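Novice: For reference, the structure I am asking about is given below.
Read-outs: derived from the displayed coordinates by stated rules, not from any lab. On a predicted model such as this, the values are computed, not experimentally measured, just so you know. Neighbour counts are summed over all protein chains in view; Cβ atoms, including those assigned to glycine, are modelled from backbone coordinates with ideal geometry.
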Amino acid sequence: MVTVSHKTIKEMRARNAEYVHHRMQIPITDEQYLFWDNILTNYYDEAITLYQDLLAQTNYKSRNRCYDPGILQGKLTLKIGDKRIYAHRFTYVVRVSLPLSSQQVIRHQCANERCLNAAHIELGVQAQNFQDLLSARAYGVRWELLPKSAFETIR
Ligand SMILES: [Zn+2]
């Protein structure tokens, strides 16, 4: 079980306040981007509670710092309104206060597609995601290169 520390929540709230202050005011039509933007702007308290609940369901693997939901197959999903979304997308967006568009894929740098540790995630496109899979199969995961902090994943 992963418990989110007060320090982390404080860091998340500070980051979210920056997001709400500086969020894009240009017209954006990507439906998924607007969905996340709405959560970050209007429902962040609820999102933090859900984030904590999700992480509380995970097992922490000290060997590789993965937050693993421990389900046997597939990826953990959750329902918000009438949308079913991947838990790892939710935890990433809420952890770093960055909305994702429908074009952006989550690239698990730990090669564990269920992992909810935002520090193990990079954003990209489908082609990169596939490349990650091939290179993880060929060379394994280079754990020493993974960031310690979620914010290091944003470049
Ligand atoms: Zn991981």
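Novice: Would you mind finding the one in GLY140, GLY74, GLY81 that is away from the ligand (no atom under 12 Å from the Cβ), out of contact with any strand residue (DSSP E or B) (no Cβ under 8 Å at 6 or more places or on another chain) and under 25 Å from TYR43 (Cβ atoms)? Let's see the steps before the verdict.
Specialist: Details: GLY140 fails: under 25 Å from TYR43 (Cβ atoms); GLY74 fails: under 25 Å from TYR43 (Cβ atoms).
Criteria check complete, one pass: GLY81.
Novice: Based on what the data block shows, is GLN109 among the polar types (S, T, N, Q), out of contact with any Gly (no Cβ under 7 Å at 6 or more places or on another chain) and more than 15 Å from the ligand (Cβ to nearest atom)?
Specialist: Numbers: among the polar types (S, T, N, Q): yes; out of contact with any Gly (no Cβ under 7 Å at 6 or more places or on another chain): yes; more than 15 Å from the ligand (Cβ to nearest atom): no.
Taking the combined requirement at face value, the residue does not satisfy it.
Novice: What is the residue count in segment 95-127 for residues that are assigned to a helix (DSSP H, G or I), surrounded by 13 or more Cβ atoms within 10 Å (Cβ to Cβ) and either without any contact (Cβ under 8 Å) to a residue 24 or more places away in the chain or in contact with a Cys (Cβ under 6 Å, 6 or more places away or on another chain) (or both)?
Specialist: The qualifying residues number 1.
Novice: Is at least one residue of segment 54-68 buried (at least 19 other Cβ atoms within 10 Å of the Cβ), without any contact (Cβ under 8 Å) to a residue 60 or more places away in the chain, at negative phi and of a type in the set (Lys, Arg)?
Specialist: Checked segment 54-68: no residue is buried (at least 19 other Cβ atoms within 10 Å of the Cβ), without any contact (Cβ under 8 Å) to a residue 60 or more places away in the chain, at negative phi and of a type in the set (Lys, Arg).
Novice: Taking segment 14-34, which residues are under 16 Å from TYR51 (Cβ atoms) and surrounded by 14 or more Cβ atoms within 10 Å (Cβ to Cβ)?
Specialist: ARG15, ASN16, TYR19 - these are the residues of segment 14-34 that are under 16 Å from TYR51 (Cβ atoms) and surrounded by 14 or more Cβ atoms within 10 Å (Cβ to Cβ).
Novice: Looking at segment 84-94, is at least one residue without any contact (Cβ under 8 Å) to a residue 12 or more places away in the chain, within 16 Å of the ligand (Cβ to nearest atom) and assigned to a strand (DSSP E or B)? Let's see the steps before the verdict.
Specialist: Of the residues in segment 84-94, the ones without any contact (Cβ under 8 Å) to a residue 12 or more places away in the chain are 84-85.
Filter once more, so that each one left must be within 16 Å of the ligand (Cβ to nearest atom): none.
No: segment 84-94 contains no residue that is without any contact (Cβ under 8 Å) to a residue 12 or more places away in the chain, within 16 Å of the ligand (Cβ to nearest atom) and assigned to a strand (DSSP E or B).
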